[in-house]
Amino acid sequence: MLATFFKDGQLDPSYLFGYGHCRNLGSPGHFGKGKYFIAEADEYATEPKYNKKSKFLWQFPKIAIITNIEFDHPDIFNSLDDVRNAYLMFCNQLYPKSVLIVYGDDPEIKKVVHGTNIINITYGFNQDNDYVLENFHTSGDHIFFRLISKGTVISEFMLKVVGEHNALNAAASIIASMESGLSIEKIKKGLLSFSGSKRRLEYIGELLSGARVYDDYAHHPTEIKTTLKALRSQFPNKKIVAIFQPHTYSRTKKLFGEFSNSFSAVDSVMLTDIYASLREEVDPSVSSEILFNVMKSQSKDIIYLPTLPDVVKYINEKRYRSDTVIVTMGAGDIYTIHRELKFS
């Protein structure tokens, strides 16, 4: 979003992101002539075996956005405290005049900013934030919200993507853009041209049998719940089928309970075998079959299909019709089944 705003605002920014393709930007990297460099960064290790220093600790931005802090990457961090400490280190190395924009409704972010002297700007739905989102609603494949600061209406905004998380991301991007001197008119123009990125609730197509197919990179319980909530808001009257491929043994094991409760917004689930990362050994104490048995005991409509060909065969035989939405989810190779499905 930021890169789109800056590009449409004639600032020609450089940028580098961790995705394959963005419809309105093209490739995930660009070397611009402008003075701004926009980077996606997180707390994961520089190199998990030899250098566990968090990647974002190599950066010293003038403007930083923190959208959320949660326990993830259990192959690197032992606890949420370790993750929080990494973010605290990041905040404490910012320049004294840096602008820190944070999601103010996140309790873990509150703990971090409480421990730093950097001035921060908060955004969120709660009224105690510096910028408050109001009147959020979904209409088809668009979302709408109003942004207010200290009782003053900044403007009404519309996006061509769905989900509260995208509204929050937009709010953070709007604030960062205003801090950089972009006008509201240019920001709104950028919002209208932003149409999402690859593997983020990406619309793939319609099957010959009528079902719509989407794809998402979600591989953490909160990401899954957030994405499925957004999809449910877009299709309140359709059946939603989630096809989930867990990513890494360590994450599946450490967040096992959270994963088993992440699919409440859908009607049925297909579960494939864990996609193992090259950075870890096989752990026989955890598996998708074990996760399947737990979820099945919770009366969830779920089927265990170990391999991707099993999934393709099942979908083709099931012939899901226009009353159904299918979403593939995971950070592995689950998306490759699309080339085997029959689209109209």
Exercise. Do any GluC sites (Glu not before Pro) in the range 258-343 lie in a DSSP loop with no more than 12 other beta carbon atoms within 10 Å, and if so, which?
Worked result: Glu281
For this session: Quote the FRET efficiency, to the nearest 0.05, computed for Lys238 versus Glu134 with a Förster distance R0 of 22 Å and r equal to the Cβ-Cβ distance.
Result: 0.20
Exercise. Using θ = phi - 60° and the Karplus curve 6.51 cos²θ - 1.76 cosθ + 1.60, what whole-Hz ³J(HN,Hα) does each residue of the range 193-198 get, with Gly and Pro shown as x?
Worked result: 8, 6, 10, x, 10, 4
Exercise. Starting at 0 and stepping by 5 Å, how many percent of the alpha carbon pairs of the range 2-193 end up in each bin?
Worked result: 1, 7, 15, 18, 20, 18, 13, 6, 2, 0, 0
Exercise. For the range 202-340, what's the relative contact order in percent, using C-alpha pairs closer than 8 Å and at least 6 residues apart?
Worked result: 37 percent
Exercise. In square nanometres, what is the average projected area of the Cα convex hull of the range 1-89?
Worked result: 6.7 nm²
Seminar exercise, completed: Note: Phe31 to Asn126 extended length (0.36 nm per residue) minus current alpha-carbon separation gives 30.4 nm
Seminar exercise, completed: For the chain, using Cα atoms only, the Rg and Dmax in Å read 20.6, 61
Problem set entry | Contact order relative to length of the chain, as percent, for alpha carbon pairs under 8 angstrom and 6 or more apart | 15 percent
Problem set entry | FRET efficiency, Ser285 to Lys189 (Cβ-Cβ, R0 35 Å, nearest 0.05) | 0.10
For this session: State, to one decimal in nm, how far the label point of Glu258 lies from the label point of Leu80, with both points 7 Å from Cα in the Cβ direction.
Result: 0.8 nm
Exercise. Once both labels are modelled 7 Å past Cα along the beta-carbon direction, what's the Val294-Asp310 spacing in nm?
Worked result: 1.9 nm
Seminar exercise, completed: The Kirkwood hydrodynamic radius of the range 296-339, taken as the inverse of the mean 1/r over all distinct Cα pairs, in Å, comes to 12.1 Å
Problem set entry | Residue list for the range 179-198, given a label point 7 angstrom along the Cα-to-Cβ vector of His142 and an amide N cut-off under 20 Å | 184-197
Problem set entry | Helix-derived mean residue ellipticity, 222 nm - over the chain, DSSP H n ≥ 4, -39500 (n - 2.57), to 500 | -8500 deg cm²/dmol
Problem set entry | Descending semi-axes in Å of the range 202-340, equivalent ellipsoid built from Cα gyration tensor | 23, 16, 14
Exercise. If you count the DSSP beta bridges with both ends in the range 202-340, what percent of them are antiparallel, to the nearest 5?
Worked result: 15 percent
Problem set entry | Cleavage-rule hits, trypsin sites (Lys or Arg not before Pro), the range 68-156, DSSP coil, Cβ neighbours within 10 Å at most 16 | Lys97, Lys150
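Coordinate-derived values only; no laboratory data. Keep in mind that this is a model prediction, so the values were computed, not measured. When we count neighbours, we look across all protein chains shown, and the Cβ atoms used for this are built from the backbone with ideal geometry, even at glycine.
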